[in-house]
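A.B. asks: The structure that follows is given in the form of C-alpha cells.
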Amino acid sequence: MDTKSCLNCSRRKFLGGLASACGALSGMVPSPGCAENPPTPDLNRVLPLKIAAYPALQQEGGSVMLTHDGGTTVLLINRGPGDALFVLDPACRHAGCQVERYDKVSREIFCSCHGSTYAIDGAVTRGPATADLIPYPSRFSGGVLEVELPEFEFGISALSPVRTTGGSPRLALTFPTRNQVSYRIRRSTDLAGPFQPASFALEKDSLLDQTQLAGDGDVRTVYVDAASPRAFHTLELMVFEVG
C-alpha cells in the first residue's frame, strides 16, 4: 500500500525511540560530562509504542490499528485483562481481507468479507477461516509496548563530531531509513529525559531548521547542534492510527 492509500490514517505523535549516544562536544571531542567513547545502540527490530498515547488501550476490550509505514504494515492491538496486550496481523486467515478492530460488545473481531470471527487474542471462533490471526512477538513494561517486526531496523547506527565551515560544533547522526516512515530527533541534557524536539540540518553547513525527515530507504545523516556542554539524542518515528 502506498502513502496515498493510507487515507484512513490519522497522525499521532512521534513514538518509540532508542536511547542515543551522548552528543555534546567540547572542541572536537565529547564534553567532560559524556563518556569518552559514547555507546551507540545496535539496530534492532523492535517498535516501541507508548500506550498512554492511545485512550482505547487504557481499558480492557480497547482496540486500535496502527501503522508506521503508510499501511504496508498494520498492527491490530487489543487490550485484554490486566496488562495483557495482544498484537496481531489483521489479515484474515481465510482470504487476506483486513479484519475490523475488536468489538468489546460482541466480544469478537469480525471480518466483513466472508464473516469469519476471532477472539480478542486472535483465536479463530467462526469460519470460513480455519487458522488464528498471526501474532507479533511483544513485551509490555513501564507503559511501553515493544513489538518485534520482521525486516525492521530502527536506531542511530553511527555518530561523529563535525564542525561547520564557520567553526560551530555539530554532531552527525546516521541511521537507516525506510520508505514512507517519518523520523525526528529529540534531545535532553539528561539520559533520563525529558526529551524535547530538536531541530537539525540535512547538510553540515545548512541551517538547523528541519524538524522531520521522510525516509527513502537509504542511510541518512542529519546534523544537530553540539554547542551545549552535555546532550543526549534519541531517534523517533511517527506512528499513525488507522481508521
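A.B. asks: State the number of residues belonging to the range 197-243 that are over 30 Å from Ala52 (Cα atoms) and among the acidic types (Asp, Glu).
C.D. replies: Going through the range 197-243 one residue at a time, the tally reaches 4.
A.B. asks: List every residue pair whose Cβ atoms sit under 9 Å apart, with the two residues 6 or more apart in sequence or on different chains, where the first one lies in the range 193-215 and is not assigned by TED's automatic domain parsing to the domain that holds Pro169 and the second, anywhere, is assigned to a strand (DSSP E or B) and surrounded by 15 or more Cβ atoms within 10 Å (Cβ to Cβ).
C.D. replies: From the range 193-215, no pairs qualify.
A.B. asks: Does Gln180 fit the bill of being within 19 Å of the chain's Cα centre (by Cα) and either under 23 Å from Arg45 (Cα atoms) or surrounded by 17 or more Cβ atoms within 10 Å (Cβ to Cβ) (or both)?
C.D. replies: yes
A.B. asks: Here's a follow-up. Cβ-Cβ below 8 Å, separation at least six or inter-chain, first residue in the range 145-163 and of a type in the set (Lys, Arg), second in a strand (DSSP E or B): which pairs?
C.D. replies: Listed pairs, sorted by first residue: Arg163/Pro169; Arg163/Arg170.
A.B. asks: Is it true that some residue in the range 101-108 is in contact with a Pro (Cβ under 7 Å, 6 or more places away or on another chain) and within 24 Å of Pro48 (Cβ to Cβ)? Steps first, answer last, please.
C.D. replies: The initial filter retains those residues of the range 101-108 that are in contact with a Pro (Cβ under 7 Å, 6 or more places away or on another chain), namely none.
There is no residue in the range 101-108 that is in contact with a Pro (Cβ under 7 Å, 6 or more places away or on another chain) and within 24 Å of Pro48 (Cβ to Cβ).
The values are calculated or read from the model by the stated rules, or taken from the named source; none is laboratory data. Note that this is a predicted model, so its numbers are computed, not measured. All Cβ positions, even for glycine, are placed from backbone atoms using ideal geometry, and neighbour counts span all protein chains on display.
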